[in-house]
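What follows is a short report on a single structure.
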Amino acid sequence: MINFPFTLNQLKILKAIVLEGSFKRAADSLYISQPAISLQIQNLEKQLNILIFDRDYRKARLTEAGKLLLRYGIRILALCEETCRALEDIQTLQGGKLIIGASQTTGTYLMPRLIGLFRHRYPQVSVELQVHSTRRISWCVANGQVDIAIIGGEVPEELKDILQVTAYAEDELALILPKSHAFAHLNKIKKEDLYRLRFIALDTQSTIRTVIDNTLNLHGIDSSRFMIEMELNSIEAIKNAVQAGLGAAFISVSAISKELELGILHQSKIEDIKIKRILSVIMNPNRYKSKAAEMFNQELLTLFVISMKSISSEYQSN
């Protein structure tokens, strides 16, 4: 039997140091002392006969050998977690833990509704939600750190052959205005009216911004002519800016149901135009799929329809 020159604990410590950016913060996150962290890394370097960290830098900076060890270490730890969850599935049958990932807007506004509905049906399943950018969530699914994810953008090109991507629903993007705006008494506005609005927009790197621009361009509207009052990277900040009367914005319907219900924002429809984006579910077919993940995947469309009906009723009544 091969005697491995590292332990799982040492790999966990290495990963924590890199994620936290320092030995001290890694020690705090793992609830052990900093000297114990340093000793484990020294022992690991001695066992491997390589340097893992450059000693010339104040921050924890990996050597090339350290980067290689980290890359494989993350895969090893993910596989260990996968094994534990598979064994737990056998013991708990329909129970177990489900780790769901989601991109920012979907994870913040839509997923809590879906998870609530899912937990009502399967209270024995423990659910963890991770919300990050589409790119980071895609990598988490590829590495086995997330079971299943819901995204509203494109997966990274380098992962398209690895991940299973299934389009399952449409998310409507609504035009919202301050209640005091001159257009707020209109149910529909003309396409040309968009050029008269001042917009609060997401930054140009946002996938939602890309969907909006492409859809409008298909309908003969040049979004580059829009008067952009400011660009923000937070949906909540955009809603607050619109509510304060600073401009109009395009926001996912799932993100404004509360504001529409309370009557603090106005949604205007655009004549002959509906802006929608495709939501997709992503999984890694080469990773172990827990029973909880299978159940969530099977129930996802039903949960989405129920949730969107609730949102739609709020949206239409305003």
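Among what's in the range 1-40 and is crowded, with 17+ Cβ neighbours inside 10 Å and of a type in the set (Val, Ile, Thr), pick the residue that is farthest from Arg71 (Cα to Cα).
Restricting to residues being crowded, with 17+ Cβ neighbours inside 10 Å and of a type in the set (Val, Ile, Thr), the top hit is Ile37.
Taking the range 120-134 as the region of interest, how many residues are in a helix (DSSP H, G or I) and within 15 Å of the chain's Cα centre (by Cα)?
Residues flagged as in a helix (DSSP H, G or I) and within 15 Å of the chain's Cα centre (by Cα) within the range 120-134 amount to 1.
When you go through Ser257, Ser268 one by one, which is the residue that is modelled with pLDDT of 90 or more and hydroxyl-bearing (Ser, Thr, Tyr)?
From the options Ser257, Ser268, the qualifying one is Ser268.
Out of everything in the range 284-308 that is hydrophobic (A, V, I, L, M, F, W, C) and open to solvent by less than 10 Å² (accessible area, probe 1.4 Å), what residue ends up being modelled with the lowest pLDDT?
Here the answer is Leu303.
Which residues, counting only those in the range 149-196, are free of Cβ contacts under 8 Å to residues at least 24 places away in the same chain and in a loop (DSSP other than H, G, I, E, B)?
Selection gives Pro156, Lys160, Asp161.
Select, from Gln130, Gln205, the only residue that is in contact (Cβ under 8 Å) with a residue 24 or more places away in the chain and either open to solvent by 10 Å² or more (accessible area, probe 1.4 Å) or at negative phi (or both).
Gln130 is the lone residue from the list that is in contact (Cβ under 8 Å) with a residue 24 or more places away in the chain and either open to solvent by 10 Å² or more (accessible area, probe 1.4 Å) or at negative phi (or both).
The values are calculated or read from the model by the stated rules, or taken from the named source; none is laboratory data. Remember, predicted model here, so these are calculated numbers, not experimental data. In this analysis, Cβ positions are derived from the backbone assuming ideal geometry, glycine residues included, and neighbour counts consider all displayed protein chains. For accessibility, only protein heavy atoms count, side chains too; no ligands or nucleic acids. Shrake-Rupley method; radii C 1.70, N 1.55, O 1.52, S 1.80 Å.
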